[in-house]
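The values are calculated or read from the model by the stated rules, or taken from the named source; none is laboratory data. Nothing here was measured: the structure is a model prediction, and the numbers come from that model. Note that each Cβ is placed from the backbone with ideal geometry, even for glycine, and that neighbours are counted across all protein chains shown. For accessibility, only protein heavy atoms count, side chains too; no ligands or nucleic acids. Shrake-Rupley method; radii C 1.70, N 1.55, O 1.52, S 1.80 Å.
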Amino acid sequence: MIDFEPPFTVPAPNSETARYAARIAEFTEAGLRADFAPASGDSQKIAVALVDYQHDFVDPSGTLYVPGSQADIARFLAWFYASAHKITTIYASLDTHIPFQIFYSSWWINAQTHEHPQPFTIITEQDVDNRAWVPLLEPEWSIHYVHELQQKARKDLMIWPYHTMQGTLGHMLASPISEAIAWHSAARQTQPVYIEKGLTPRTEFYGIFGAEVPDPQSPTSSLNTPLLDAVMQHDKVYIAGEAKSHCVLETERQIVEHYANQPDMLRKLYFLKDCTSSVQHPIIDFDALAEEELARMHERGVHIVLSTDAVLPQS
């Protein structure tokens with residue numbers, strides 16, 4: 001049983017109170033008082049992969065706010081603090097961007113109107129072949145990339161609002177998440193693992209393990225198999241974060257595809273369904289597409305669970 005009441009407050013859904021300085025010292029001190037056993041002694045090792053719980057995604061004023069994300073965090077934290085004495089390792093990713101990247105308006109221009117594409121514009125193979133949209137940077141690679149993205153990932157290029165820009169508040173983890181990580185680290189005497197992704201200008205980086213189309217000029221964009229193996233050496237891996245339709249789903253897809261022929265590995269995965277929400281698009285129903293793929297993953301052995309489902313006792 002947990003006899004510690006963590007000193008945290010979760011912003012109400014859709015409130016404007018998510019931006020506050022993380023109380024790291026207070027939560028670390030509280031963690032030290034929790035009197036938990038060190039994570040190194042866990043007989044059943046449990047990992048939690050937190051995908052991009054960052055301000056720009058979870059604060060209503062964020063540049064790519066995901067509706068429902070604050071309620072996701074509230075549910076996650078309730079689950080997390082009730083389960084923390086069983087959680088061995090926390091992995092937390094940080095989507096990280098700079099001004100000129102292939103999925104930003106700054107990279108493309110309309111050859112006739114000389115206007116840049118608006119956020120949520122879709123750029124297709126036909127668009128680049130017909131020069132409806134022309135890359136201002138890396139023209140040969142950019143056209144190749146749009147074709148590779150469709151052929152390998154079955155996706156068109158989406159122009160996104162500027163988000164999680166390096167050095168901005170929007171890039172930071174939501175304060176309640178940073179506090180929870182600090183508390184757990186102190187309580188269980190274990191270091192968290194932070195994963196920075198998305199700095200490669202010539203490709204997109206949804207999943208935490210590698211880019212949509214690896215860039216031959218950037219070795220770090222290839223699939224990070226050492227990180228994959230480190231995560232999947234745990235007995236159970238819980239996944240939550242934002243957004244379900246993109247970075248969370250792609251993270252899980254990378255795991256499922258890498259271990260496609262190892263059903264025992266896929267059965268280690270637990271998707272916290274009510275701790276993640278989908279990007280809302282004016283035309284595309286991203287959530288429906290995500291649900292279809294999650295259903296297929298479930299058929300292959302991935303567990304789809306809720307935050308109200310308890311973590312099973314350690315063996």
Of the conditions (1) under 27 Å from L272 (Cα atoms); (2) surrounded by fewer than 21 Cβ atoms within 10 Å (Cβ to Cβ); (3) touching a Pro at 6+ places or on another chain (Cβ under 6 Å), the single one that I90 does not satisfy is (2)
Screening I239, I195 for residues that are open to solvent by 10 Å² or more (accessible area, probe 1.4 Å), closer than 21 Å to V58 by Cα, among the aliphatic types (A, V, I, L, M) and in a strand (DSSP E or B) leaves only I195
What residue, of E179, E196, is among the charged types (D, E, K, R), modelled with pLDDT of 95 or more, out of contact with any His (no Cβ under 6 Å at 6 or more places or on another chain) and closer than 27 Å to Q70 by Cα?
E196
Selection count where residues are more than 18 Å from the chain's Cα centre (by Cα) and closer than 11 Å to S245 by Cα, scope the range 258-280
0
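Going by what's in this entry, would A82 be described as within 17 Å of the chain's Cα centre (by Cα) and either assigned to a loop (DSSP other than H, G, I, E, B) or modelled with pLDDT under 95 (or both)? So that I can check it myself, show each step before the final result.
Values: within 17 Å of the chain's Cα centre (by Cα): no; either assigned to a loop (DSSP other than H, G, I, E, B) or modelled with pLDDT under 95 (or both): yes.
Judged against the criteria, A82 is not a match.
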Could you give me the residue pairs with C-beta distances under 8 Å whose first residue belongs to the range 282-303 and is in a helix (DSSP H, G or I), whose second residue is of a type in the set (S, T, Y) wherever it lies, and which are 6+ apart or on separate chains?
F286/S245; F286/S278; D287/S245; D287/S277; D287/S278; L289/S245; A290/S245; A290/S278
Being part of a helix (DSSP H, G or I), among the small types (G, A, S) and out of contact with any Ser or Thr (no Cβ under 6 Å at 6 or more places or on another chain) is the filter here; which residues of the range 121-175 pass it?
S142, A153, S175
I'd like to know if the range 94-104 contains one or more residues that are under 30 Å from L32 (Cβ atoms) and either surrounded by fewer than 14 Cβ atoms within 10 Å (Cβ to Cβ) or in contact with a Leu (Cβ under 9 Å, 6 or more places away or on another chain) (or both).
yes
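Residues in the range 175-192 that are among the hydrophobic types (A, V, I, L, M, F, W, C), in contact with a helix residue (DSSP H, G or I) (Cβ under 8 Å, 6 or more places away or on another chain) and open to solvent by less than 10 Å² (accessible area, probe 1.4 Å): how many?
Adding up the residues that qualify gives 4.
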Please list, ordered by first then second residue, the pairs with beta carbon atoms under 7 Å, 6 or more apart or interchain, first in the range 140-152 and touching a residue at least 40 places away in the same chain (Cβ under 8 Å) and more than 12 Å from W108 (Cβ to Cβ), second surrounded by 14 or more Cβ atoms within 10 Å (Cβ to Cβ) and of a type in the set (K, R).
W141/R202; L149/K155
So, in the range 148-174, how many residues would count as being open to solvent by less than 50 Å² (accessible area, probe 1.4 Å) and under 27 Å from A230 (Cβ atoms)?
5
Only one residue in A84, A71, A111 is open to solvent by less than 60 Å² (accessible area, probe 1.4 Å) and more than 30 Å from A39 (Cβ to Cβ). Which one?
A111
Of residues in the range 259-281 being part of a helix (DSSP H, G or I) and aliphatic (A, V, I, L, M), the one least open to solvent (accessible area, probe 1.4 Å)
L266
List the pairs whose first member sits in the range 21-41 and is of a type outside the set (A, V, I, L, M, F, W, C), whose second member is open to solvent by less than 70 Å² (accessible area, probe 1.4 Å), and whose Cβ atoms are under 6 Å apart, counting only residues at least 6 apart or on separate chains?
R23/E179; T28/A182; T28/A186; G31/W183; G31/A186; G31/A187
